[in-house]
Amino acid sequence: MEQTGTWDASVFLSTDSVSGPEGFGWWGDMVSRAVMPVSIASEHAGHFKGEVTTLELVDTDFSAFSFSPMSARRTPDHIRASDPENYYLFLVHGSPIGLEQRRNNALLRAGDVALFDTSQPLACEFQDQGRPSRVSVLRLPRTALPLPGDRTDRLVATPLPARTGSGALLTSYLAGLRENAAHCGPTELRRLGTMALELAVTFLAARLDSPPALPAESRRRVLLARINAYIDHNLHDPDLGPATIAAHHHISIRLLHALFEEEPETVGATIRRRRLERSRTDLGDPRLRHRTIGEIAARWGFRHPAAFSRTFREAYGISPTEARTALHDKQPCTPRRGPGHRTLAP
C-alpha cells in the first residue's frame, strides 16, 4: 500500500557547503557524477556559486540548477569514460546559453527549450549577464523514448518551440512539478515521473512530425496531465468543476471521472486540495498579511468565506485564522485525508 504522509524525494546540493576556493572544483565533480562527465571553466572560479535541487522520480529525474556563468565541454574521451545514454530536455530561465552539438548551434534565451545528448560531444556556454544562469532539466533515458534515435538526434542543440501546444503544456507541467511533488507519496511520484516522460515524448514527436507509439495507458496519462495542468491554471475560477473540465477537453463527464478512478483522489477532491494548498501558502506569506482571509479564499475559487473556513478546518484541523498565526510562528500545519481521497496499491 502507498505510504501516508509526504515522501521527501528531493535532494538539494550547494557550493555553500564547501569552502570558497574549493567550490568550483566541487561543482565540476558534482555535475560529472549527477549528469555526465564534462570539463568546465569559469572566470568566476575563485568565488563560484551554484546550487541544484533534484527531484527523483523513479524512471527519470528533474533538476533545477542555478550557478555562476561558466562553460562546459564534453569530448569523445569523456564519452568513452562514461556515457549514461540519456537525452536531457532543458528549459532556460536566466541568462542566454550557447549550445553546440552535431554541427547544430543555438543561442537559447529565457523561455526556450532545447535537447542535448550525452552520447555525442558538445560545447555549452552559459553567458555572463550579471546574474546567475538558471535551467530546469528533465532526464530522458534513451530506452524510455519510443522515437527513432537517428531522427531524435537531429533535434539536439536547436531551439524547440515551447510557448504553444504540447510545448506549453510540458513547460507548465515541469514548472509546477517540484511544488506538487512536495505533497506526494512514492506511488504518486512514480506517476508524476511517468507523466513527465510521456509529455516529453509527445512534445518531441510533434517536432519530428511522427506520432509517438504510445500505448493506450500512456495516452491516458498524457490526457490526465493536460487535465491536471488545466486545473492548476484555473483554480481561481469558482465555476471550475467536472463539467467545465470535461467540456474544455472535449470528453464526457463520465470519461473524466473514469480517468481519475486510478488516481489517489477524485477530480473534485483534487480541485479542493489544490485550492486549499494555495490558500494555505498565501496565509503564510508575510507579503499578504494585509489581505483578509475572505480575499485569499476568493483568490483561489472559494465563493463563500464561511464554507472556506469549514473546508479548511476539515482538511487541516484548525481554522484559517489559527493557521495564519501558526504559519507565521513556523508551527506545523499538516493536512488530513479528506473526502475523495483514495489509498492505492503501487
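Taken as a whole, the condition of being within 18 Å of Val38 (Cβ to Cβ) and either at pLDDT below 90 or buried (at least 16 other Cβ atoms within 10 Å of the Cβ) (or both) applies to Ala123.
Which of the following residues is in contact with a strand residue (DSSP E or B) (Cβ under 6 Å, 6 or more places away or on another chain) and open to solvent by 10 Å² or more (accessible area, probe 1.4 Å): Asp112, Asp117?
Working: Asp117 fails: open to solvent by 10 Å² or more (accessible area, probe 1.4 Å).
After ruling out the rest, the residue left standing is Asp112.
Among the residues making up segment 107-124, those that are under 24 Å from the mean Cα position of the chain (by Cα) and part of a strand (DSSP E or B) are Leu107, Leu108, Val113, Ala114, Leu115, Phe116, Asp117, Cys124. Scanning segment 58-77 for residues that are touching a strand residue (DSSP E or B) at 6+ places or on another chain (Cβ under 9 Å) and hydrophobic (A, V, I, L, M, F, W, C) returns Phe62, Ala64, Phe65, Phe67, Met70, Ala72.
When you scan segment 106-125, how many residues do you find that are over 16 Å from Ala162 (Cβ atoms) and touching a helix residue (DSSP H, G or I) at 6+ places or on another chain (Cβ under 9 Å)?
Of segment 106-125, the ones over 16 Å from Ala162 (Cβ atoms) are 117-125.
After this cut, where a residue has to be touching a helix residue (DSSP H, G or I) at 6+ places or on another chain (Cβ under 9 Å) as well, the list is 117-121.
Result for segment 106-125: 5.
The set of residues from segment 130-167 being touching a Gly at 6+ places or on another chain (Cβ under 8 Å) and among the polar types (S, T, N, Q) comprises just one member, Ser133.
Considered as a group, the residues in segment 126-153 that are in contact with a Phe, Trp or Tyr (Cβ under 8 Å, 6 or more places away or on another chain) and part of a loop (DSSP other than H, G, I, E, B) include one that is modelled with the highest pLDDT, and that residue is Pro132.
Would you be able to say whether some residue in segment 62-74 is buried (at least 16 other Cβ atoms within 10 Å of the Cβ) and at pLDDT below 90? The answer is no, given that none of the residues of segment 62-74 is buried (at least 16 other Cβ atoms within 10 Å of the Cβ) and at pLDDT below 90. Pairs are defined by a Cβ separation below 7 Å, a sequence spacing of at least 6 or placement on different chains, a first member in segment 192-220 that is open to solvent by 30 Å² or more (accessible area, probe 1.4 Å), and a second member that is at pLDDT below 85 and of a type in the set (A, V, I, L, M, F, W, C); the pairs so defined are Thr202/Val222; Pro212/Leu147.
In this structure, does Leu174 turn out to be buried (at least 19 other Cβ atoms within 10 Å of the Cβ) and either without any contact (Cβ under 8 Å) to a residue 24 or more places away in the chain or assigned to a loop (DSSP other than H, G, I, E, B) (or both)?
Answer is no for this residue.
Cβ-Cβ distances below 9 Å connect the following pairs, each with a first residue in segment 306-329 that is outside any helix (DSSP H, G or I), a second residue that is aromatic (Phe, Trp, Tyr), and a separation of six or more residues or different chains: Ile318/Phe312; Ser319/Phe312.
Assigned to a helix (DSSP H, G or I), under 21 Å from the mean Cα position of the chain (by Cα), closer than 26 Å to Ala243 by Cα and modelled with pLDDT under 95: does that describe Thr281? In short, no.
Filter segment 229-266 down to the residues that are farther than 24 Å from Thr171 by Cβ, open to solvent by 20 Å² or more (accessible area, probe 1.4 Å) and part of a loop (DSSP other than H, G, I, E, B), then identify the one that is modelled with the lowest pLDDT. Step by step, filter segment 229-266, then rank; the result is Glu262.
Looking only at segment 37-57, which residues are assigned to a strand (DSSP E or B), open to solvent by less than 20 Å² (accessible area, probe 1.4 Å) and not small (Gly, Ala, Ser)? Across segment 37-57, the qualifying residues are Val52, Leu55.
The values are calculated or read from the model by the stated rules, or taken from the named source; none is laboratory data. All figures in this text were calculated on a predicted structure; none of them were measured in a lab. Neighbour counts are summed over all protein chains in view; Cβ atoms, including those assigned to glycine, are modelled from backbone coordinates with ideal geometry. Heavy atoms of the whole protein, side chains included, go into the accessibility calculation; ligands, DNA and RNA do not. Shrake-Rupley method; radii C 1.70, N 1.55, O 1.52, S 1.80 Å.
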